[in-house]
Each structure stands twice: as C-alpha cells, then as structure tokens.
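The block underneath contains the structure these notes are about, expressed in structure tokens.
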Amino acid sequence: MELYYKTISELEELLDSGEISAVELAKAFIDRKNAVDGKVGAFLSSDEGGLLAAAAESDARRARGQKRGALEGIPVGLKDVLAVRGQKLTCASKILENYVSPYTASSLEKLESRGGLFWGRLNMDEFAMGSSCENSAFKLTRNPWDLSRIPGGSSGGAAAAVAAGECAASLGSDTGGSIRQPASLCGVVGMKPTYGLVSRYGLAAFASSLDQIGPFARCVRDAAILLEAVAGHDPRDSTSVKTDIPDYAANLSLEAFKGKKIGLPKEYFSAGIDPEVRGIVEKAVSDCRALGAEVEEISLPHTDLAIPVYYIIATAEASSNLARYDGVRYTRRSPSTTDVIDMYFKSRAEGFGEEVKRRIILGSYVLSSGYYDAYYLRAQKVRTLIRRDFEDAFGRVDVIMTPTSPTTAFKIGEKTSDPLAMYLSDICTINVNLAGLPGISVPCGFSSEGLPVGLQMIGKAFDEQNLLSFAASYEAARGFDSREPNL
Ligand code: GLN
C-alpha cells in the first residue's frame, strides 16, 4: 500500500524501525499533493520547504532518541481557520485575504509538542459557514470519490485532503457538523469533541458557544492520537475545561459493545433521510448489536427544533464575532471611501461573501431590541430542552447512533441557490453542538453510486474514551471493503 494511505500508527512503525525517514514521508505527501490536488483542490496554501525542514528536524530528534510523541514526523493539515504565526489566516474570505497571524493556535502548538508537522492550509466555507465548501472565496474543493460532487463542509478541504492521501490527518472545526458531515461524505473518520475539551485559542470564531476543534483521520485510532494531543486545559481559553486527558489510543477497547445499550433516536431515521443511507446505517447498527450490544429505540423529542434554534444562536454569535472585521484592523480596506462610516460599509460589503452577509443580517436582527426576547432568548430556552433530551436519553443508553448526513455527497451547484436545502445537510449533527456533546463519524459503507456513508455515534459529555472505543470496535468488525478513491 502507498505510504500516503497508511495510518499514523503504521507510519510510526516504519519511522521507528528506520525503514523510512520523516523527510521521505514528507516527500511522499508533497508528491501526492502535487499529483492530485489539481483535481481535488483541498489546499489553499502549502510550504514544501517548511515541511521538509521540519521533517529533517524530526529525523534528527529521532536519531538523538528524543522522539517527542505519537505524531513524530507526521504531516498534519489545518483548516484555514487556525492561526499559525507568520502565516496567512484567511478563513477562505476575501476580507482576510492578506491577514497574517501574529501567534499560533494552541492546538497546533500541542500537535507539534507530540512531533506533528504542520503541512498546509486547507479550504473551507467562508468563516466556516456552509455544508459543501462552495462558499470559499478562493477555490472549489471536489470530493475525491467523485470529482463532480462536493466534499461537504465547512471543513471540506480538511476532509478531502485526508481522503485523497494528501496528508496523514488534519484538524478542522465543527460548529454544527463541519467536521462530521464532510468526514462522512469523504469516507474518513471525523470527530467533534465535547465543548470545552479542546482549547479554541487561535481558532477564528464563528459561533463561540458551539465551535470546537477536532481531528480528521484515516481510522479511529489515529483520531484518538490526534485528540489526545490537542485536548486539555489551556489558560488562554476560559471555556477550556480542567479535566484529565487519558491516553485515548492506548486505552481503546475493541470489545466496547459487550453489555452496552445503543439508543436509536426515531427522529433521525424518519422522512428526510435518504432511504439508501438509512439502510446502510441500520446495517451498521445491527453489526454493533452483533458485537454484544442491546439496541433500544429512543426519542429526542425536540430534534425538529434544532435547525431553527441553531440558525438563531449561530447567526447571533457570528454577527457579533464578525463585527471586528471592519476595514480598520485585520482586514482589507476598501480603496475608495469618503469617510469612516463609508469605509466600514464598503470594506464589509466588498470583503464578505453572500452567505456571510446573510448570516450577519439574520444575527443582527435576532439580537435587535424588540426581537431579542422573541427569538434569541427563546432559542436559548429551546436549546436547554434539546440538551435535556440527551441527558434523559443517556440515563438509559450508553451511546446514540444516527446517520451523520441525510444524504451522500451531492453534485456541485445542486444546492447553492437554495440556502434552506443546504442548511438541512446538518440536520443530524447540529443537535450535538447545541447540547455540547462529543460525536464521531465513522465510515460504514458505500451507496450504489460508490459514495461513502458515515455512521454518527454520540457520547456522553467528556466520555470521549468510551465513544472512541465504540467507534474502534465497530471499525474493527465492520464488513465492507476498505477501498480508496480512484484519483
Ligand atoms: N453547515 C453549518 C453551517 O453552515 C455548520 C457549519 C459548521 O459546523 N462550521 O453553519
């Protein structure tokens, strides 16, 4: 098998035994990127010289017996929403086209402290708003499994790069499904941790009460390695939680289902879910049952309120977070302005794309006096009801399973003119962010058109270890062939 399709654990064995060097590995990913990214379009930028220099340092550390950790020498891509000192951070927006970060995100510092190597900035929907990656101001990313289709979003580049073998793993952000949904559509593992587990320091904010950073990887163990690296308290993010981080990968159990209960929320298996996707996910659940679990139908009665609640809370927070991009600091300034007000208006009008403007307008509206109580406050109350649905369910079951996405990857352009249809792409993932819970998408089969389908597993808050063990147990036992995209 090609080096670029190997898992992190397999690569570490090859590096440890001296069969390959980190420089050779870096070259393999550089060559792969140069061979396929013209078709896939996952990268916004990459620094080959920087990667090779970092790989040479990694080789030197290993030779001195100073291996830093489980990611020593492994190239990892970053969604263009994470800060790297001295590098552009554009959020795929024209307004930040020339912005250079003065500091590095905690999550990258932590990856590097385990030996991980930064390898390129990956495309996304502008400011992480979208479900198809088509809202990027800079380029189109295509699904490696079918280049006429979207990779999912908003972290489409981060999912496609892993699926296409252009990096060993990547980090994305998930506000309403932006890691899990593209992972599902690109046939890789993607995980959103519990809110507060991973520091958001250095993550450009979209909706701060929902945003979490998480990994894309080729297998569950690799996701566990990345999560262990980035998780943990950070004094620079006051919402990051003080909790012990276990060695998730070392503690993975492949017999996690024995005597455990799986909850299947009936609301997620009803109309609106493509029948073929539903069938494949139901088969995956029955495979989990065969591993010793009991399956129980449950109800999460406020599920249908998730989309309206999310699009009130997320847009409200976005309108406030994005107010800082005003043509004065950070951003591109419109060249032809008459006074300061005109400068604000023109810089924002020229810099933001359609979807971002739509959300700023919606968010400002729901926060405006007179509407605050009617929309924003009410949405917060319903959010509490959604969280309680999950708390009640977890009184009875150990893990909840659903499809990750209601459909497989759709065609480029199919939903761009219909924002509501696009918003429904996250119908299975948004609730998990509203409740702050961890969720993981694991590949569970292929549609008749050869497109990947993902199974979403939702866990209890801060119970990542068990969630990863459930996912790894399923992955180890699942029956379908593990094909690779034909690029
Ligand atoms: N697709 C959802 C949205 O457009 C979720 C995005 C995300 O998780 N960043 O807001």
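Any read-out appearing in this document is the output of simple, stated calculations on the displayed coordinates, not a laboratory observation. Quantities reported herein were computed from a predicted structural model and do not represent experimental measurements. In this analysis, Cβ positions are derived from the backbone assuming ideal geometry, glycine residues included, and neighbour counts consider all displayed protein chains.
Listed from fewest to most Cβ neighbours within 10 Å, the set F446, F257 follows the order F446, F257. Less than 5 angstrom separates the built amide H of S240 from those of D234, all sequence-distant by 5 or more or on a different chain.
Give me the Kirkwood hydrodynamic radius of segment 6-73 in Å, from all C-alpha pairs, to one decimal place? This gives a value of 12.7 Å. Once Rh is set to the Kirkwood radius over Cα pairs, what Stokes-Einstein translational diffusion coefficient, in µm²/s, holds for the chain at a temperature of 4 °C and a viscosity of 1.567 mPa s? Answer, rounded: 58 µm²/s. Its residues counted as N, segment 190-339 yields a C-alpha radius of gyration over 2.2 N^0.38 Å of 1.41.
Label point of M1 set 7 angstrom out along Cα-Cβ; within segment 132-170, amide nitrogens under 19 Å from it belong to 144-145, 159-170. The stretch between E414 and F345, if pulled fully straight at 0.36 nm per residue, gains 21.7 nm over its current Cα-Cα span.
Relative contact order of the chain: 18 percent, from C-alpha pairs under 8 Å at least 6 residues apart in sequence. Applying 1/(1 + (r/R0)^6) with r as the Cβ-Cβ distance of E297 and R388 and R0 = 25 angstrom yields a FRET efficiency of 0.85. Applying 1/(1 + (r/R0)^6) with r as the Cβ-Cβ distance of T337 and S209 and R0 = 25 angstrom yields a FRET efficiency of 0.15. Between rounded, prolate and oblate, where does segment 65-181 land on the alpha carbon gyration tensor, with a ≥ b ≥ c its root eigenvalues, rounded for a/c under 1.5, else prolate if a/b exceeds b/c? Since a/c reaches 1.5 but b/c is at least a/b, the shape of segment 65-181 is classed as oblate. Distances between placed amide hydrogens fall under 5 Å for V295 paired with I262, all partners being 5 or more residues away or on another chain. I want to verify the translational diffusion coefficient of segment 1-142 in µm²/s; compute it with Stokes-Einstein, Rh as the Kirkwood radius over Cα pairs, at 10 °C and 1.306 mPa s. The estimated diffusion coefficient comes to 100 µm²/s. In the chain, helices alone account for a calculated mean residue ellipticity at 222 nm of -11500 deg cm²/dmol, with every DSSP H run of four or more residues adding -39,500 (n - 2.57). If you filter segment 344-399 for chymotrypsin sites (Phe, Trp or Tyr not before Pro), then keep DSSP loop positions with at most 16 other Cβ within 10 Å, what is left? Those satisfying the criteria are Y371.
Taking every DSSP bridge with both residues inside the chain, close to 65 percent are antiparallel. Sequence-distant contacts, meaning Cα pairs under 8 Å at least 6 residues apart, place the relative contact order of segment 130-253 at 20 percent. Relative intensity of segment 128-240 on a log10 scale, I(q)/I(0) at q = 0.09, 0.15, 0.17, 0.18 Å⁻¹, equals -0.21, -0.59, -0.74, -0.82, per a Debye sum over C-alpha point scatterers of equal strength in the absence of solvent.
The ranking of C133, C288 from fewest to most other beta carbons within 10 Å of each one's beta carbon is C288, C133.
Once you keep just the Cα pairs under 8 angstrom separated by 6 or more residues, what percentage relative contact order results for segment 1-116? Over segment 1-116, the number comes to 23 percent.
Taking amide H atoms as placed 1.01 Å from N in the peptide plane, the amide H of T104 lies under 5 Å from those of R85, each 5 or more residues away in sequence or on another chain. Per-residue Cβ neighbour counts within 10 Å put K266, K460 in the sequence K266, K460, beginning with the fewest. Of the trypsin sites (Lys or Arg not before Pro) found in segment 157-252, those that fall in a DSSP loop while having at most 15 other beta-carbon atoms within 10 Å are R236, K242. Can you give the extra length, in nm with one decimal, that the chain gains between Y371 and A56 once fully stretched, where that is 0.36 nm per residue apart less the Cα-Cα distance? Contour length minus the Cα-Cα distance gives 107.6 nm.
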